[in-house]
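Taken together, the values in this text are just the output of simple stated rules run on the coordinates, not laboratory data. This is a predicted model, so every value here is computed, not measured. Methodologically, a virtual Cβ is constructed for each residue, glycine included, from the backbone with ideal geometry; neighbour enumeration extends over all protein chains shown.
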Amino acid sequence: MFELLHSKPLAYFGKGSIAKVNDVVGQVSGRLLIITTKGAYKRSGAWRIVNEALEDRGVEYELYDKVRANPTYENCDEAAGLGADWVMGIGGGSAIDTAKIVSVLIKNPSKKAKDLLESGFDVRGSCPKIAINLTHGTGTEVDRFAVSQSDGEYKIGIGLKEFYPDYAIDDPELTRTLSRDQTIATSVDALNHAFEAATNADTNPYSILLARDSIRLIADNIRGALDEPEDVGIREKLLFASAMAGISFDITGTHITHVLEHAISAMKPEIPHGMGLAVFLPSVVEVLYPIMPERISDILSPIVHLKGRKDEAVRAKEGVKDWLGSFGIKMHLGDYGFSSDDEKEMADRVLSPFFDRQLRCTPAKVDRVLVEKIIEGSF
Ligand SMILES: [Fe+2]
């Protein structure tokens, strides 16, 4: 049995859908807290339209724009301290995930982000929230997950039904200003969501269906987005892929590639999430391929041609690595300043009890030998 979930938020998708923000903010009662990172909310063009709608509807709001990439518990606690009746996240995963966490903390004022992410508690509600998505990577606007971190310690993601946005807007026009690196990193993030959902120990035909099409759309359109960053039609396909991958892993969750990435970006928060995933994906594909060669060869067919035989694991790894490497990104842990001296700490972090549940979703027995094999294969 599995839950045949559709997108939980009321998500407006497609070119021009940002215009719906006027109707959406018309639902806001009381004070709105807007959570975003510096710059992108204006650069993308989103703010001009959101601000007009806020003025038109006479909504009282406060702006918190200190969220950074790989956002911190401190970001969440500081924003929650401002209080609000409604919350809006404008941005990619960093802004929207912070908005989700803040929406819970405001209604549970005796708690901090660390309590929520690391221990959990009996959550007593959350503020209504709006997600204005500016990237084609995280899928957070349509899912129940949020991630935050304490630098040097842990980067943790949790899923809560209280995290679902009430309204989401996915307008490809707002993704045209993504840089080349952001275009690659966010697309690779969506690719990993799809891969981990389709290979999850708890997967189902629905997740696989969404994941398969998501990967095909990413493979077919990423180069076009790099060549023609302003092409809204191409951005729309990548955005659709990201949302479908988001729904796919909303049902099943992610597994070991995301845990590995969370381990390294707690150590080096400057590593973009999607780029960290790109480092590990080839070695993850190698270790998982013999377990489900038909499934993996099928979903990765737009990236690497495989026959679905168990003995193709190295070929699968090299095919994925060549494809990712063709975008000119860093593909090795050493490229980010890690050395073999860091291997033990990385493996310890991956095997932390915080990640037990996520690691159990990996379609292989995860022990130190397997984790070390992936890490060594990623140098
Ligand atoms: Fe991700």
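Grab the other residues whose beta carbon is less than 11 angstrom from that of N133, score K and R as +1, D and E as -1, and report the net. It would help to have the intermediate numbers written out before the result.
Values: positive: none; negative: E141, D170, D171.
Summing Lys and Arg as +1 and Asp and Glu as -1 gives -3.
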Using only Cα atoms and rounding to the nearest 10 degrees, what angle (0 to 90) does helix 180-198 make with the longest principal axis of the chain? 70 degrees
Below 13 angstrom from the Cβ of S44, what's the summed charge of the other residues (Lys, Arg +1; Asp, Glu -1)? +2
Checked the chain against the a/c 1.5 cut and the a/b vs b/c comparison, axes a ≥ b ≥ c from its Cα gyration tensor; verdict prolate
Quote the FRET efficiency, to the nearest 0.05, computed for R360 versus K42 with a Förster distance R0 of 51 Å and r equal to the Cβ-Cβ distance. 0.75
Could you state the angle between the C-alpha long axis of helix 273-288 and the longest principal axis of the C-alpha atoms of the chain, as a value from 0 to 90 degrees rounded to the nearest 10? 30 degrees
When Lys and Arg each count +1 and Asp and Glu each count -1, what net charge do the other residues less than 12 Å away from K114, Cβ to Cβ, add up to? -3
Taking a threshold of 29 Å on the Cα-Cα distance, which of the pairs K268/K310; K112/K268; K8/K42; K111/K373 fall above it? K268/K310; K111/K373
Rounded to the nearest Å, the spacing of the alpha-carbon centers of the stretch 106-142 and the stretch 202-243 is 26 Å
How much of the DSSP bridge set in the chain is antiparallel, in percent, rounded to the nearest 5? 20 percent
Rounded to the nearest 0.05, FRET efficiency between F379 and D227 (Cβ-Cβ, R0 30 Å) equals 0.40
0 to 90° range, to nearest 10: angle between helix 313-325 axis and the chain longest Cα axis: 40 degrees
By the C-alpha gyration tensor axes a ≥ b ≥ c (rounded if a/c is under 1.5, else prolate when a/b exceeds b/c, else oblate), the shape of the stretch 211-330 is rounded
Residue among Q27, Q149, Q182 with the largest mean-square fluctuation in a Gaussian network model of the chain, springs linking Cα atoms under 10 Å: Q27
Connecting every pair of Cα atoms under 10 Å apart in the chain and solving the GNM, the largest mean-square fluctuation among G253, G26, G83 falls on G26
Could you check which residue among F249, F121, F145 shows the biggest mean-square fluctuation in a GNM of the chain with a 10 Å Cα cutoff? F121
Three-way shape label, the stretch 87-181, alpha-carbon gyration tensor, a/c 1.5: oblate
What does DSSP give for the stretch 10-175 in terms of the percent of beta bridges that are antiparallel, rounded to the nearest 5? 20 percent
Rounded to the nearest 0.05, what FRET efficiency do D348 and L4 give with R0 = 35 Å and r taken as the Cβ-Cβ distance? Could you check? 0.35
Reach of K321 by Cα under 13 Å, taken over aspartates and glutamates that are not fewer than 8 positions away in the same chain: E286
At the level of C-alpha centres, the distance separating the stretch 314-339 and the stretch 32-62, in angstrom, is 38 Å
